[in-house]
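Student: Input: one structure, supplied below.
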Amino acid sequence: MPSTNTPKRVIKVIVAAAQNNAIGRNSDIPWQLKNELAYFTKMTRTIKLPKDLQKENNQVTKDATYVYFGDKKKRVLNACIMGRRSWESIPLKFRPLNHRYNIVLTSNKDLLAKENSPLVAQAKDLDEALQLIDELNNNSHSDIYIQDVFAIGGHGVYKASMESPNQVELFLTRVQFPEADSCDTFFPEINSNIFSRQSFEALQERVPFEIQKGVVQENGLQYEYQLFLKS
Ligand SMILES: NC(=O)c1ccc[n+]([C@@H]2O[C@H](COP(=O)([O-])OP(=O)(O)OC[C@H]3O[C@@H](n4cnc5c(N)ncnc54)[C@H](OP(=O)(O)O)[C@@H]3O)[C@@H](O)[C@H]2O)c1
């Protein structure tokens, strides 16, 4: 019997951080990197079904994946867990993040009172968010099945994820940003006793589309896609 303490979830932490771990400035991303943003969008939207869910009667379209659990057809989505300020920083017309299940961490019980999208939920902390995902997946009446879980920031969500006993895969885009000192929000320090950097090949294996190896140049900046795992 597996111990009840065995962490079964993989949390995919995805972040673009400067050389000093800066991630934000004035409630916004400090840089404009279209291709890097496209990497985030594709990573969080792409559904990678495990073998046991790959069935002949699945329906996979450009925008949606459906699987059958018995007679029940469910839409498969990845979850994006984010902090309240990150949620609020997404322009209204782009939220909830489409084709993803959005979970906002907040202590304000009424934050989403006016939201009527079935793709948004709130939770008081990371544990409650993960519990909510388990409940959704175990509920035979739910129309949604969550595949991968992404922690998409900001600081508090990243910190809780990195320190959680779950399996963590850190997809870090390291941006060389000359104005890093003017930023106001930071990714927590990566503890090298716990996390170690992996090869580009190990990263590419986990990314469901081809990415560029080494330094990428965009909009006058340089960055690199990296992967860290718990050692
Ligand atoms: N570069 C990147 O990849 C990236 C990614 C995401 C965000 N960002 C940037 O980061 C900034 C926003 O991040 P932020 O750190 O200021 O704010 P945030 O983490 O998005 O939001 C903070 C709020 O979220 C709730 N919260 C966060 N972590 C929690 C936890 N573990 N448990 C319970 N509640 C939690 C609390 O809400 P209540 O106060 O409502 O209780 C907290 O005040 C923006 O500049 C954004 O553009 C950058």
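Student: So, in region 35-52, exactly how many residues are farther than 16 Å from Leu97 by Cα and of a type in the set (Lys, Arg)?
Tutor: 2
Student: Anything in region 23-50 that is of a type in the set (Lys, Arg) and within 11 Å of the ligand (Cβ to nearest atom)? List them, or say none. First the steps, then the outcome.
Tutor: Initial filter on region 23-50 (of a type in the set (Lys, Arg)): 25, 34, 42, 45, 48.
Once the filter is applied, which keeps residues that are of a type in the set (Lys, Arg) and within 11 Å of the ligand (Cβ to nearest atom), region 23-50 yields only Arg25.
Student: Please specify each residue of region 193-231 satisfying the condition of being out of contact with any strand residue (DSSP E or B) (no Cβ under 9 Å at 6 or more places or on another chain), free of Cβ contacts under 8 Å to residues at least 40 places away in the same chain and in a loop (DSSP other than H, G, I, E, B).
Tutor: Scanning region 193-231 gives Asn193, Glu210, Gly220.
Student: Pick from Glu115, Glu163, Glu135, Glu169: which is among the acidic types (Asp, Glu), away from the ligand (no atom under 14 Å from the Cβ), at pLDDT 95 or above and more than 25 Å from Tyr223 (Cα to Cα)?
Tutor: Details: Glu115 fails: at pLDDT 95 or above; Glu163 fails: away from the ligand (no atom under 14 Å from the Cβ); Glu169 fails: more than 25 Å from Tyr223 (Cα to Cα).
So the residue among Glu115, Glu163, Glu135, Glu169 that is among the acidic types (Asp, Glu), away from the ligand (no atom under 14 Å from the Cβ), at pLDDT 95 or above and more than 25 Å from Tyr223 (Cα to Cα) is Glu135.
Student: Residue by residue through region 100-112, note down the ones that are within 15 Å of the ligand (Cβ to nearest atom) and touching a residue at least 24 places away in the same chain (Cβ under 8 Å). First the steps, then the outcome.
Tutor: Taking region 100-112 and keeping what is within 15 Å of the ligand (Cβ to nearest atom), we get 100, 102-112.
Result: Arg100, Ile103, Leu105, Asn108, Leu111.
Student: In addition: Within region 33-50, take every residue that is surrounded by 18 or more Cβ atoms within 10 Å (Cβ to Cβ) and hydroxyl-bearing (Ser, Thr, Tyr) and give me the one that is nearest to the chain's Cα centre (by Cα).
Tutor: Filtering region 33-50 for residues that are surrounded by 18 or more Cβ atoms within 10 Å (Cβ to Cβ) and hydroxyl-bearing (Ser, Thr, Tyr), the one nearest to the chain's Cα centre (by Cα) comes out as Thr44.
Student: Can you go through Ile146, Ile194 and tell me which one is crowded, with 19+ Cβ neighbours inside 10 Å and more than 15 Å from the ligand (Cβ to nearest atom)? Steps first, please.
Tutor: Working: Ile194 fails: crowded, with 19+ Cβ neighbours inside 10 Å.
Criteria check complete, one pass: Ile146.
Student: Taking the stated definitions as given, is Leu77 away from the ligand (no atom under 16 Å from the Cβ), surrounded by 20 or more Cβ atoms within 10 Å (Cβ to Cβ) and either farther than 22 Å from Val207 by Cβ or hydrophobic (A, V, I, L, M, F, W, C) (or both)? Steps first, please.
Tutor: Working: away from the ligand (no atom under 16 Å from the Cβ): yes; surrounded by 20 or more Cβ atoms within 10 Å (Cβ to Cβ): yes; either farther than 22 Å from Val207 by Cβ or hydrophobic (A, V, I, L, M, F, W, C) (or both): yes.
Yes: the conditions hold for Leu77.
Student: Check off (1) exposed (fewer than 13 other Cβ atoms within 10 Å of the Cβ); (2) more than 21 Å from Tyr225 (Cα to Cα); (3) more than 9 Å from the ligand (Cβ to nearest atom) for Asp184 and give me the number that stays unchecked.
Tutor: Condition (3) is where Asp184 drops out.
Student: Okay, moving on. Which of the following residues is out of contact with any Lys or Arg (no Cβ under 7 Å at 6 or more places or on another chain), free of Cβ contacts under 8 Å to residues at least 60 places away in the same chain and closer than 29 Å to Gln204 by Cβ: Glu163, Glu135, Glu128, Glu115? Reasoning before the result, please.
Tutor: Working: Glu135 fails: closer than 29 Å to Gln204 by Cβ; Glu128 fails: closer than 29 Å to Gln204 by Cβ; Glu115 fails: closer than 29 Å to Gln204 by Cβ.
Among Glu163, Glu135, Glu128, Glu115, only Glu163 is out of contact with any Lys or Arg (no Cβ under 7 Å at 6 or more places or on another chain), free of Cβ contacts under 8 Å to residues at least 60 places away in the same chain and closer than 29 Å to Gln204 by Cβ.
Student: So Leu97 passes all but one of these: (1) buried (at least 16 other Cβ atoms within 10 Å of the Cβ); (2) in contact (Cβ under 8 Å) with a residue 60 or more places away in the chain; (3) more than 10 Å from the ligand (Cβ to nearest atom). Which condition number does it fail?
Tutor: Here Leu97 meets the rest and fails (2).
Student: Mind telling me which of the residues Thr41, Thr61 ends up being of a type outside the set (D, E, K, R) and within 21 Å of Leu227 (Cβ to Cβ)?
Tutor: Being of a type outside the set (D, E, K, R) and within 21 Å of Leu227 (Cβ to Cβ) holds for just one of Thr41, Thr61, which is Thr41.
Student: Got a sec? Which of Ala121, Ala151 is within 11 Å of the ligand (Cβ to nearest atom) and surrounded by 17 or more Cβ atoms within 10 Å (Cβ to Cβ)? Quick ask: steps written out before the conclusion?
Tutor: Numbers: Ala121 fails: within 11 Å of the ligand (Cβ to nearest atom).
Within the list Ala121, Ala151, the selection yields Ala151.
The values are calculated or read from the model by the stated rules, or taken from the named source; none is laboratory data. On a predicted model such as this, the values are computed, not experimentally measured, just so you know. With ideal geometry, Cβ positions are generated from the backbone for all residues, glycine too; neighbour counts draw on all protein chains shown.
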